[in-house]
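A short write-up of the structure that comes next.
The values are calculated or read from the model by the stated rules, or taken from the named source; none is laboratory data. Keep in mind it's a predicted model, so treat the numbers as computed, not measured. Please note: Cβ atoms are built from the backbone with ideal geometry, for glycine as well, and neighbour counts cover all protein chains shown. Note: accessible area is taken over every heavy atom of the protein model, side chains too, but ligands, DNA and RNA are not part of it. Shrake-Rupley method; radii C 1.70, N 1.55, O 1.52, S 1.80 Å.
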Amino acid sequence: MNEKELMMLAVNAADDKKAEDLVVLDMKGISAIADYFIICHGNSDKQVQAIAREVKDQAQQNGLDVKRLEGFDEARWVLVDIGDVVVHIFHRDERNYYNLEKLWGDAPSLDVYGELLS
């Protein structure tokens, strides 16, 4: 699976759990950490955890290792590291505070809504 397919797998997993305001940043050439950052939020602790669990489960079902899962118990900012893709799942109340989109403002954002699987 290439990095774009991995990114879309994670985007679809987050979308399946009704993640809101999905943003994908193309980090190639900007960060050595990952090729893509996916940023989204949920409206409750339970929804944040459900999104993170679905991303993790979909990665594992496709034979991929989840390198790191952080913040799951607190459910304020959960980070799911699946190698070339890092998924940041915020609680709605925390997203504006950290404002990763502005922090990584030099990274182009991708429109993935047209590619979401129904």
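Checking the structure you have, find out if any residue of segment 93-102 is modelled with pLDDT of 95 or more and either touching an Asp or Glu at 6+ places or on another chain (Cβ under 7 Å) or part of a helix (DSSP H, G or I) (or both).
No, because not a single residue in segment 93-102 is modelled with pLDDT of 95 or more and either touching an Asp or Glu at 6+ places or on another chain (Cβ under 7 Å) or part of a helix (DSSP H, G or I) (or both).
For segment 1-27, give me each residue that is open to solvent by 30 Å² or more (accessible area, probe 1.4 Å), assigned to a helix (DSSP H, G or I) and within 19 Å of Arg92 (Cβ to Cβ).
Result: Asp15, Asp16.
Give the residues of segment 103-115 that are of a type in the set (Asp, Glu) and in a loop (DSSP other than H, G, I, E, B), sorted by residue number.
Residues satisfying the conditions are Asp106, Asp111.
Please find, among Ser44, Ser31, the residue that is surrounded by fewer than 17 Cβ atoms within 10 Å (Cβ to Cβ), touching a Lys or Arg at 6+ places or on another chain (Cβ under 9 Å) and in contact (Cβ under 8 Å) with a residue 24 or more places away in the chain.
It is Ser44.
Which ones in segment 60-71 are modelled with pLDDT of 95 or more and either open to solvent by less than 60 Å² (accessible area, probe 1.4 Å) or within 15 Å of Lys17 (Cα to Cα) (or both)?
Gly71, the sole residue that qualifies.
Open to solvent by less than 70 Å² (accessible area, probe 1.4 Å), at pLDDT 95 or above and not polar (S, T, N, Q): does that describe Lys56?
It is true that Lys56 is open to solvent by less than 70 Å² (accessible area, probe 1.4 Å), at pLDDT 95 or above and not polar (S, T, N, Q).
Taking into account only those residues within segment 64-90 that are of a type in the set (Lys, Arg) and in a loop (DSSP other than H, G, I, E, B), which is farthest from Trp104 (Cα to Cα)?
Lys67
Would you be able to say whether some residue in segment 56-63 is small (Gly, Ala, Ser), more than 16 Å from Cys40 (Cα to Cα) and assigned to a helix (DSSP H, G or I)?
yes
Does segment 91-102 include one or more residues that are within 19 Å of Asp16 (Cα to Cα) and open to solvent by 20 Å² or more (accessible area, probe 1.4 Å)?
yes
Quick check, is Asp81 out of contact with any helix residue (DSSP H, G or I) (no Cβ under 9 Å at 6 or more places or on another chain), within 18 Å of Lys4 (Cβ to Cβ), surrounded by 13 or more Cβ atoms within 10 Å (Cβ to Cβ) and touching a residue at least 24 places away in the same chain (Cβ under 8 Å)?
yes
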